[in-house]
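The values are calculated or read from the model by the stated rules, or taken from the named source; none is laboratory data. Note that this is a predicted model, so its numbers are computed, not measured. Because the Cβ atoms are built from the backbone with ideal geometry, glycine has one as well, and the counts that use them run over all protein chains shown. These area figures cover heavy atoms from the full protein model, side chains too; ligands, DNA and RNA do not enter into them. Shrake-Rupley method; radii C 1.70, N 1.55, O 1.52, S 1.80 Å.
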Amino acid sequence: MSLSRRKFLVRSVQCIVACGLFPGLSACDGITREEVTNGSVYDELVSLIGRERTEILWYASFAPSSHNVQPWTVSIKNPDSWVIGSAEDRWLTEVDPQNREMLLSIGAFLENMVTAARAHGFQVNIRLLARNPFDPELLSIELQNAQRMEYPLQRLLERRTVRTVFKNEDIDSQDFSFLVGGEEGFHYYPRHSTQAVWLDEVSVAATKLQIERENVQEELSRWIRWSDADASKYRNGLTPEAMDITGLAGWYVRNFYGSRDVLGKDFRSATVERVKQQVAQNGGWIVITSENDRISALIETGRCFERMFLRARDCSVGVHPMSQALEEPLWSEKAAEMLRLDKPPQFLLRVGYIRDYPPPVSLRMPLDDFTKLNENGKV
């Protein structure tokens with residue numbers, strides 16, 4: 001039976017997407033960070049709390065989060081008193097029903113905030129407010145004047161999740177030491193180790209399981225910003241560039257793909273093939289554990305993760321979180337045993353050296369979308 005012209009084009013491009021071809025056609029790429037503004041509230045915040053405090057919030061917003069949902073909120077009680085919370089409409093209720101990954105993301109956001117605050121001459125005092133992961137208010141933040149601590153804040157802006165073009169070389173012990181900075185809870189498994197092979201296998205298996213679940217695919221479809229119009233409107237979620245779909249393939253999906261395509265059989269098959277290609281191309285895995293599963297421990301683990309992530313570009317190591325197996329009880333319940341860990345794993349990171357570190361592409365929400373002033377609109 002002959003294919004229609006549209007079906008032929010769709011299937012051809014799905015093959016392109018799955019195989020990652022045409023990476024060099026940058027003229028076809030979509031909206032970039034430079035094409036969006038800081039938001040209309042930026043200047044208002046500068047006038048109310050000062051430029052340095054506003055810059056702290058802006059730098060904090062470049063933290064990583066699952067599906068790039070950017071779940072954080074900041075309520076500004078006064079210039080030096082803030083409350084960090086989470087937005088329920090940015091929770092991933094299907095793959096993260098206990099808000100475990102949300103708390104890890106809040107930890108990364110907090111680490112960016114603390115890092116930027118120190119560089120601007122502030123000490124940050126933190127108090128846990130939440131009693132359960134679903135509380136809207138999570139942390140109380142108090143800023144105090146302190147001595148400036150030098151830090152290359154450009155690292156926060158240049159941090160990037162990398163999904164493709166990893167070298168099949170183990171991570172050098174000195175580079176691993178640099179990445180973890182002497183902290184506990186980091187475990188590296190070289191690519192041919194028993195644990196790394198297991199992680200390769202379960203990452204593919206967990207992906208296959210999730211793509212068969214309609215609710216998971218529907219949730220994913222709500223967070224993919226195929227078009228430039230949606231990318232500009234929401235400035236969160238996964239753009240084609242953030243998924244490493246660039247060049248001709250990126251141009252095609254931005255113009256012809258929609259949320260319903262994510263639910264199609266061909267897209268699901270392409271997703272599995274892409275994950276197979278990814279796990280076949282790595283320098284091993286880094287697993288990060290937490291002390292326990294309490295709120296404070298998860299937030300602290302998110303901070304540790306971000307500190308490591310911010311060092312990755314300096315040693316040309318790509319980092320790709322692939323924690324699908326921890327989202328599925330079939331594997332999460334035995335992950336610690338299989339990885340020979342005595343503490344719960346919270347991050348499964350596929351890592352590898354990359355020849356040319358790409359620039360960051362994930363979009364950021366304007367300050368308007370995650371900050372709010374007190375009830376009077378004043379501070």
**Item:** Test set (1) open to solvent by less than 60 Å² (accessible area, probe 1.4 Å); (2) within 22 Å of Q98 (Cα to Cα); (3) among the charged types (D, E, K, R) - E214 fails condition number
**Value:** (1)
**Complete:** Per the filter on the range 210-234, residues among the β-branched types (V, I, T) and free of Cβ contacts under 8 Å to residues at least 60 places away in the same chain are I224
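What about S232, is it at pLDDT below 95, under 17 Å from L92 (Cβ atoms), open to solvent by 20 Å² or more (accessible area, probe 1.4 Å) and over 16 Å from the mean Cα position of the chain (by Cα)? I'd like the intermediate steps shown before the answer.
Working: at pLDDT below 95: yes; under 17 Å from L92 (Cβ atoms): no; open to solvent by 20 Å² or more (accessible area, probe 1.4 Å): yes; over 16 Å from the mean Cα position of the chain (by Cα): yes.
Criteria not met by S232.
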**Complete:** Checked against (1) open to solvent by 50 Å² or more (accessible area, probe 1.4 Å); (2) part of a helix (DSSP H, G or I), Q98 satisfies every condition except (2)
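Return yes when E337 is more than 17 Å from T161 (Cβ to Cβ) and among the charged types (D, E, K, R) and no when it is not.
Details: more than 17 Å from T161 (Cβ to Cβ): yes; among the charged types (D, E, K, R): yes.
Yes: the conditions hold for E337.
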**Message:** So, in the range 115-130, exactly how many residues are in contact (Cβ under 8 Å) with a residue 24 or more places away in the chain, closer than 23 Å to R90 by Cβ and surrounded by fewer than 20 Cβ atoms within 10 Å (Cβ to Cβ)?
**Reply:** 2
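Going by the structure shown, is R191 closer than 20 Å to R163 by Cβ and open to solvent by 20 Å² or more (accessible area, probe 1.4 Å)?
Numbers: closer than 20 Å to R163 by Cβ: yes; open to solvent by 20 Å² or more (accessible area, probe 1.4 Å): yes.
Here the answer is yes, as R191 does meet what is asked.
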**Request:** Give the range 36-57 a look and list any residue that's surrounded by fewer than 21 Cβ atoms within 10 Å (Cβ to Cβ), in contact with a helix residue (DSSP H, G or I) (Cβ under 8 Å, 6 or more places away or on another chain) and either at pLDDT below 95 or under 16 Å from K233 (Cα atoms) (or both), or say none.
**Result:** V36, N38, G39, S40, V41, Y42, V46
**Fill in**
If we ask which residues in the range 81-90 are surrounded by fewer than 21 Cβ atoms within 10 Å (Cβ to Cβ) and either aromatic (F, W, Y) or more than 15 Å from L110 (Cα to Cα) (or both), their number turns out to be 3
**Prompt:** Would you say P344 is free of Cβ contacts under 8 Å to residues at least 60 places away in the same chain, touching a helix residue (DSSP H, G or I) at 6+ places or on another chain (Cβ under 7 Å) and over 28 Å from A231 (Cβ atoms)?
**Reply:** yes
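Every residue in the range 64-80 that is farther than 18 Å from I224 by Cα and open to solvent by less than 20 Å² (accessible area, probe 1.4 Å), please.
Listed by number, the residues that qualify are W72, V74, S75, I76.
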**Item:** Selection from the range 239-275 of residues that are within 20 Å of the chain's Cα centre (by Cα) and open to solvent by 20 Å² or more (accessible area, probe 1.4 Å)
**Value:** M243, D244, T246, T271, R274
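Counting only residues that are assigned to a loop (DSSP other than H, G, I, E, B), open to solvent by 40 Å² or more (accessible area, probe 1.4 Å) and touching a residue at least 12 places away in the same chain (Cβ under 8 Å), how many does the range 140-163 have?
Restricting attention to the range 140-163, the residues satisfying the condition of being assigned to a loop (DSSP other than H, G, I, E, B) are 146-153, 159-163.
Filter once more, keeping what is open to solvent by 40 Å² or more (accessible area, probe 1.4 Å): 146-152, 163.
With the extra rule that they be touching a residue at least 12 places away in the same chain (Cβ under 8 Å), the set shrinks to 146-151, 163.
Looking only at that region, the number is 7.
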